[in-house]
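Contents: one structure, followed by commentary.
None of the figures in this text is laboratory data; all of them are computed from the coordinates on show. Keep in mind it's a predicted model, so treat the numbers as computed, not measured. All Cβ positions, glycine included, derive from the backbone under ideal geometry; neighbour counts span all protein chains shown.
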Amino acid sequence: YNMISERMKPYVNNNSAIRAMFEEGNRLKALYGEDKVFDFSIGNPNVPAPDCVQETIIDLVKNMDPVVLHGYMNNAGFEDVRQSIAESLNRRFGTNFAAKNLIMTVGAASGLNITFKALLNPGDEVIVFAPYFLEYGAYVKNYDGVLVEVSPDTSTFQPNLEEFKSKINEKTKAVIVNNPHNPTGVVYSEDTIKKLAAILEEKEKEVGHPIYLISDEPYRELAYDGVEVPYLTKYYKDTIVGYSYSKSLSLPGERIGYVVIPDELDGSDEVIQAATIANRILGSVNAPSLIQKVVGRCVDAAVNVEYYDRNRKTLYEGLTKLGFECVKPQGAFYLFVKSPTKDEKEFVEAAKKYNILMVAGSSFACPGYVRLSYCVSYESIQNSLPEFAKLAKELF
Ligand code: PLP
C-alpha cells in the first residue's frame, strides 16, 4: 500500500540529497568553525533588510487597527498596497498598471504556482531555457503541464533562440524567462528580449492562440555595472511578471511577492480572476497581511547592492585569475563556473576538502558547471580565495 502519493516519491528522495548536503555543511562548520567553511551553496541573502522594513513593522503594529492589519482581505491582496506598487512600477518603467493588475503572492514560488494553475490544461507545454531553477519543473507538473527544455548556450548563457523557435508548437502555452538569471547571473539584454518577443509574436499567429511569457524576476533589483534589466510587458503584450521581495528586500522567510497581469494580455480579466481564485484554492488564501503592508510602504527602499557587487568582483576576479572559467555575471548573486573535471560532481567533492561548498550544475539542468552563491560575508570571499588556489593546484 502506498502511504504517500507516487508523485511525491521522487521529491522525497531528492530532498534527502539536499538535506544531506546541508548536514554536510553543518558537520564541517561544527568541526572547523563557522568562519572556516565557505558555504556558497544557498541563495539566502546575507545583507539585512533596509531600515524601512523594521520601522514600518513597528509603526504598523503600534498604530494600525489590529483587526484590519491581521485580517483577511481580498484574495488578491490589500487594494492600497497593490495601488502603491502599481504606481511605483509605472514611475520606474513607464507602464500603465492599476491595482487590479496586481495579485499579492506568497513569494515568487507561489506567484508561479497561481499562474500555472490559472493557465495550464493537462499536457500543455511550458518552455524553459537551461540552465534553470529546477523547481519550475515541479510547479509545472503540479498542474499536469509538461516542461520543455531548451539547451544552454554555454558561450554566453543568453537563451538559445534558434532551438527555442523549433520547440514551439500548438501545445505551447507558456515560456518562462528568469532575468537576472539564477544560476548564471547573466542579464538577458534588450536585444535578446526583442528577438524573443518577435519569435513569440510570429508563433502566436502560427498556432492561433496566445503564448504567455512568464517573467520570473526575484533578482530584478540586483543588477550591476549600470546594466538595464528590460521590463518585459513593454516588449510583448502577453507577458505576466512574477516578482518577489525575497532578494530585493532580503525577506525570503516572510514569503511576499506579486504577479502582474497587464490589461493588454489576451484574456486579461479571466486570467486575473483565475489566478486570484488560485491563490485561495491552493491554500495560500492571500499573501501575509502585515508584510504586504510593509512592502506597500517600502516601495522606494533597497538593500545594499554594493555589498553584493564587491563580493561579485572579488570572487570573479579571484577565480578567473586562478584559471577558472566563468561568464562575468551582471545580476543576481551567483557565479556559474565551468568545472575543470568532466563530471562536475567530482569538482564539488574536491572542493569540500578545502571546506568549499557549491552546487552541481546538474541541479540546474546544466552539467559541467557549478553554482556559487556569493551572498556571504566579504571576509568569507577573501578567505576562500587561498583555498580555491589550492583546489586549482590540485585540479589544473
Ligand atoms: N525563482 C528563482 C529563479 C529563484 O531563484 C527563487 C528562489 O531562489 C524563486 C523563484 C523563489 O523565490 P521566492 O522566495 O520568492 O519564492
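What is the sum of charges, Lys and Arg at +1 and Asp and Glu at -1, for the other residues whose Cβ falls under 13 Å from the Cβ of residue 98?
-4
Return the distance in nm (one decimal) between the two label points of a simple spin-label model at residue 313 and residue 32, each offset 7 Å from Cα along Cα→Cβ.
2.8 nm
Using amide H atoms built 1.01 Å from N in the peptide plane, name the residues 5+ places from residue 105, or on other chains, whose amide H lies under 5 Å from its own.
It is 257, 258, 259, by chain and number.
How many angstrom separate the Cα center of the stretch 1-53 from the Cα center of the stretch 111-158?
About 23 Å separates the Cα centre of the stretch 1-53 from the one of the stretch 111-158.
Tell me, what HN-Hα J-couplings in whole Hz come from the Karplus equation 6.51 cos²θ - 1.76 cosθ + 1.60 at θ = phi - 60° for each residue of the stretch 162-169, using x for Gly and Pro?
Running phi through 6.51 cos²θ - 1.76 cosθ + 1.60 with θ = phi - 60° gives 4, 5, 3, 4, 6, 9, 7, 8 Hz.
In µm²/s, what is D for the stretch 74-218 at 10 °C and 1.306 mPa s, where D = kT/(6 pi eta Rh) by Stokes-Einstein and Rh is the Kirkwood radius from Cα pairs?
Once the numbers are plugged in, D ends up at 97 µm²/s.
Quick check on the chain: helices-only [θ] at 222 nm, where DSSP H runs of length 4 and up contribute -39,500 (n - 2.57) each and the sum goes over total residues. Nearest 500, please.
After summing the helix terms and dividing by the residues of the chain, the value is -13500 deg cm²/dmol.
So if R0 is 22 Å, what FRET efficiency would residue 225 and residue 194 give, r being the distance between their Cβ atoms, rounded to the nearest 0.05? All intermediate terms of the calculation are to be shown ahead of the outcome.
Values: r = 21 Å, r/R0 = 0.94.
Rounded to the nearest 0.05, the efficiency is 0.60.
In sequence order, what are the phi-derived ³J(HN,Hα) couplings for the stretch 93-107 according to the Karplus relation 6.51 cos²θ - 1.76 cosθ + 1.60 with θ = phi - 60°, rounded to whole Hz, with x for glycine and proline?
These are the phi-based 3J(HN,Hα) values: 10, x, 8, 9, 8, 10, 3, 5, 7, 10, 10, 6, 10, 7, x Hz.
From the backbone phi of the stretch 51-66, what are the Karplus-calculated ³J(HN,Hα) couplings (6.51 cos²θ - 1.76 cosθ + 1.60, θ = phi - 60°) in whole Hz, Gly and Pro given as x?
Each residue's phi maps through the Karplus curve to give 3, 3, 5, 5, 4, 5, 4, 4, 4, 5, 5, 6, 10, 9, 4, x Hz.
How about the chain: what cysteines have no other cysteine beta carbon under 4.7 Å from their own?
Unpaired cysteines in the chain: 326, 366, 375.
Taking 7 Å along the Cα-to-C-beta vector as the label spot, tell me the residue 88-residue 282 distance in nanometres, rounded to one decimal.
That separation, rounded to one decimal, is 2.2 nm.
Under 8 Å for C-alpha pairs, at least 6 residues apart: give me the relative contact order for the chain, rounded to a whole percent. Before the final figure, lay out each step's value.
Values: 720 pairs, mean separation 92.6, N = 396.
So the answer I get is 23 percent.
Set the Förster distance to 51 Å, then compute FRET efficiency between residue 171 and residue 61 from the Cβ-Cβ distance, nearest 0.05.
0.55
Under the Kirkwood approximation for Rh and a Cα-based Rg, what ratio Rg/Rh is obtained for the stretch 7-89?
When Rh is taken as the Kirkwood radius, the ratio is 1.17.
Any idea what diffusion coefficient the stretch 197-333 gets from Stokes-Einstein, in µm²/s, Kirkwood Rh on alpha carbon pairs, 37 °C, 0.692 mPa s?
Roughly 186 µm²/s, to the nearest whole number.
Starting from the Cα-Cα distance between residue 346 and residue 121, subtract it from 0.36 nm times their residue separation and give me the gain in nm to one decimal. Show your work: numbers first, answer last.
Numbers: separation 225, 0.36 × 225 = 81.00 nm, distance 4.04 nm.
Computed gain between residue 346 and residue 121 is 77.0 nm.
Greater than 32 Å separation of Cα atoms is the criterion. Which listed pairs, 9/36; 328/353; 100/203; 9/321, meet it?
As for pairs spanning more than 32 Å Cα to Cα, those are 9/36; 9/321.
How do 209-216, 156-163 rank on mean C-beta neighbours within 10 Å, highest first?
Order by mean packing, descending: 209-216, 156-163.
For the chain, report the convex hull volume of the alpha-carbon atoms normalised per residue, in Å³, without decimals.
Details: hull volume 62.3 nm³, N = 396.
Measuring per residue, one finds 157 Å³ for the Cα hull of the chain.
Calculate, in nm to one decimal, what residue 382 and residue 7 gain on full extension: separation in residues at 0.36 nm each, minus their alpha carbon distance.
130.7 nm
Over all directions, average the projected area of the Cα convex hull of the stretch 216-279 and note it in nm². Mind dumping the intermediate values first?
On the way: hull surface 20.2 nm².
For the stretch 216-279, averaging the hull's shadow over all directions gives 5.1 nm².
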